[in-house]
Amino acid sequence: MLVLNNVEVIYDHVILVLKGMSLQVEEGQIVALLGSNGAGKSTTLKAISGLLKPEDGEVTDGEILFQGEPIHVLDAEDIVQRGIFQVMEGRRVFEHLTVEENLHAGAYTRKDRRHIADDIEMVYRYFPRLKERRTQTAGYLSGGEQQMLAIGRSLMARPKLMMLDEPSLGLAPLLVREIFHIVQRINQEQGVTVLLVEQNANIALQIADYAYIMENGRIVLDGDPATLRDNADVREFYLGLTEVGQRKSYRDVKHYKRRKRWLS
Amino acid sequence: MDQFLQLTVTGLTNGAIYALVAVGFVLIYKASDVINFAQGEFLLVGAYVAAFLIGDLGLVWPIGAVLTVIIAAAMGVVIERLVLRPLIGEPIISVIMVTIGLASLLRALVLGIWGTKPKVFPAFFPKNEVYIFNAVVTTEKLGAIAVAGVFLLIFTLFFRYTREGIAMRAVADDQQAALSMGISVKRIFAMAWSISAITAAIAGVVVANTLEVSGNLSAIGLTVFPVVILGGLDSIPGALIGAAIIGLLEAYTGGYVGDGSLSQVIPYIVLVFILMVRPYGLFGKEIIERV
């Protein structure tokens with residue numbers, strides 16, 4: 001469904017952020033893209049959704065294909081119309097609009113305006129808490145509710161591919177679990193393909209069908225979650241476990257420090 | 001008592017005209033966070049174009065008015081395209097400075113084409129006097145109130161219920177998030193500027209109808225400034241109430257205090273006091289901070 005081939009992204013004509021990034025998302029899957037800060041995860045999503053331009057970023061090499069057609073030359077609004085919707089990092093709800101107006105804004109590109117009311121009800125079925133707050137100003141919602149609104153808003157566009165950028169950011173663990181569970185349901189019930197960017201590797205691997213791990217602007221590891229979970233490096237660097245399976249303690253770090261073998 | 005009534009009526013009628021002009025500011029600010037200092041000049045262009053089409057070319061009123069609106073809308077789009085689009089993503093302050101330059105340019109263009117001599121505006125509404133209790137109002141002022149009222153209502157509904165209206169507010173809130181929603185920020189800006197130019201043109205016609213058409217018309221842009229700040233730059237109801245307050249204040253101080261020169265200053269004095277208490281204006285959006 002979505003294919004990235006050797007994509008290179010440069011910011012401000014100078015800063016090379018993606019260095020030959022390749023990735024593939026099959027229809028109906030949940031694909032997780034993991035990696036530490038500054039690996040280029042968000043940049044990858046923005047390259048796909050066309051949101052690089054306002055930040056002076058540019059795809060300088062490689063290609064991004066969606067359903068077989070190149071999309072890295074299109075504007076953001078055309079990409080949304082083709083069915084790719086990015087839920088941006090940090091929720092980014094329209095603070096001064098009500099919950100319901102936010103949902104309407106999400107439906108901006110819809111051609112079948114008659115079905116919007118039904119879809120608002122659908123969003124409320126997934127997130128009943130939003131219904132209670134439908135007339136409230138979105139800026140005053142709690143962080144979890146805002147994340148629900150951000151995901152609900154993306155559903156309003158009826159996307160084929162939903163890209164979530166760190167939905168767990170700043171949320172309590174219980175709430176993270178709830179939101180990931182709903183994402184999984186949306187994937188199964190609505191047939192929406194999901195590309196998930198996360199720092200919380202543990203929870204992302206729980207719902208993903210396939211996962212990629214990024215470092216320094218390229219993919220260093222990929223596989224299905226079970227394989228990755230067993231990989232010693234992944235356990236050490238992304239899940240915070242030692243080989244024995246215990247939580248790592250600072251005492252041990254000193255005398256033996258594992259190195260990432262793919263760097264160097 | 002009669003004087004009080006008369007002053008109240010005068011104040012409110014002037015307020016209605018202020019409100020119409022103020023809405024032009026609000027529209028642009030709501031969509032793009034830019035204060036358009038050329039708003040008064042938009043008004044000037046509208047008044048001169050209408051005076052030219054109807055007075056000089058002798059078109060009938062409805063056609064002249066519709067043409068004026070079309071020309072104003074086109075001007076809004078062209079200005080957005082040539083002057084403002086290159087500035088998307090640049091600091092707001094640069095954009096605001098550009099509107100000041102735009103103001104001089106438009107003014108010079110208008111006076112260059114039509115000369116500096118004041119024109120008499122062809123009467124739109126019949127000039128009769130109407131009595132409300134014991135206060136006198138001219139029908140042209142009542143017409144102005146009606147026009148202002150209709151447009152304010154349309155704009156309020158537009159922002160609350162239409163797809164484009166909600167998109168405009170979304171763009172004002174968070175441009176990048178709006179972009180991720182497939183909302184074309186460029187299109188929204190073009191729309192905001194042309195709607196604002198249309199309002200200004202209508203306001204120009206209404207104001208010119210009660211005065212004469214001259215370069216001084218653009219000064220109303222500055223007079224209305226306290227109105228918008230007072231009401232909150234992004235609130236249409238705020239513009240309405242701010243306009244009523246300023247209109248009444250001017251009328252009362254003009255009627256009761258001294259020789260009337262104080263009435264030009266008083267709006268600014270009140271403005272300063274209100275801003276000390278409510279820095280976002282009476283109805284402006286506050287910066288929401290969650291803790």
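The values are calculated or read from the model by the stated rules, or taken from the named source; none is laboratory data. Note that this is a predicted model, so its numbers are computed, not measured. Cβ coordinates were reconstructed from backbone atoms using ideal geometry, including for glycine residues, and neighbour counts include every protein chain displayed. Heads up: the accessible areas ignore ligands, DNA and RNA and are worked out on the full protein's heavy atoms, side chains in. Shrake-Rupley method; radii C 1.70, N 1.55, O 1.52, S 1.80 Å.
Per-structure values
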| item | result |
| --- | --- |
| Restricting region A:206-240 to residues that are touching a helix residue (DSSP H, G or I) at 6+ places or on another chain (Cβ under 8 Å) and of a type in the set (F, W, Y), the residue that is modelled with the highest pLDDT | A:Y210 |
| Selection status of A:E26, under 17 Å from the mean Cα position of the chain (by Cα), open to solvent by 60 Å² or more (accessible area, probe 1.4 Å), away from chain B (no Cβ under 14 Å) and not hydroxyl-bearing (S, T, Y) | yes |
| Listing of helices (runs of 4 or more DSSP H) fully contained in region B:142-218 that carry 1 or more residues being crowded, with 21+ Cβ neighbours inside 10 Å and among the hydroxyl-bearing types (S, T, Y) | B:175-180, B:185-210 |
| Considering residues of region A:91-100 that are more than 9 Å from chain B (Cβ to nearest Cβ) and not charged (D, E, K, R) only, the residue farthest from A:T193 (Cα to Cα) | A:T98 |
| Residue that is nearest to the other protein chains (Cβ to nearest Cβ) [pool: residues in region A:54-90 that are on the phi > 0 side of the Ramachandran plot and without any contact (Cβ under 8 Å) to a residue 60 or more places away in the chain] | A:D56 |
| Residue within region A:205-213 that is among the polar types (S, T, N, Q), under 16 Å from A:E89 (Cβ atoms) and not in a strand (DSSP E or B) present | no |
| Long-range neighbours under 7 Å by Cβ, at least six apart or interchain, first residue without any contact (Cβ under 8 Å) to a residue 12 or more places away in the chain within region A:125-153, second in a helix (DSSP H, G or I) | A:K131/A:Y124 |
| Residue within region A:114-135 that is among the aromatic types (F, W, Y) and facing another protein chain (nearest Cβ under 10 Å) present | no |
| The lone exception for A:L103 - which of (1) more than 12 Å from every other protein chain (Cβ to nearest Cβ); (2) open to solvent by less than 10 Å² (accessible area, probe 1.4 Å); (3) under 12 Å from A:A157 (Cβ atoms) it fails | (1) |
| Qualifying residue in region B:278-286 (condition: open to solvent by less than 60 Å² (accessible area, probe 1.4 Å) and either touching a Phe, Trp or Tyr at 6+ places or on another chain (Cβ under 9 Å) or part of a helix (DSSP H, G or I) (or both)) | no |
| Of residues in region B:48-107 being over 20 Å from the mean Cα position of the chain (by Cα) and of a type in the set (F, W, Y), the one surrounded by the most Cβ atoms within 10 Å (Cβ to Cβ) | B:F52 |
| Residue list for region A:105-118, filter: within 22 Å of A:I179 (Cα to Cα) and more than 22 Å from the chain's Cα centre (by Cα) | A:D118 |
| One residue from A:Q146, A:Q190, A:Q199, A:Q184 being in contact with a Leu (Cβ under 9 Å, 6 or more places away or on another chain), under 28 Å from A:S36 (Cβ atoms) and of a type outside the set (A, V, I, L, M, F, W, C) | A:Q199 |
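Results for (1) within 14 Å of another protein chain (Cβ to nearest Cβ); (2) of a type in the set (D, E); (3) farther than 17 Å from B:D33 by Cβ; (4) within 13 Å of the chain's Cα centre (by Cα), shown as yes or no for each residue.
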site: B:M181; (1), (2), (3), (4): yes, no, yes, no
site: B:V213; (1), (2), (3), (4): no, no, yes, no
site: B:N216; (1), (2), (3), (4): no, no, yes, no
site: B:A219; (1), (2), (3), (4): no, no, yes, yes
site: B:V227; (1), (2), (3), (4): no, no, yes, yes
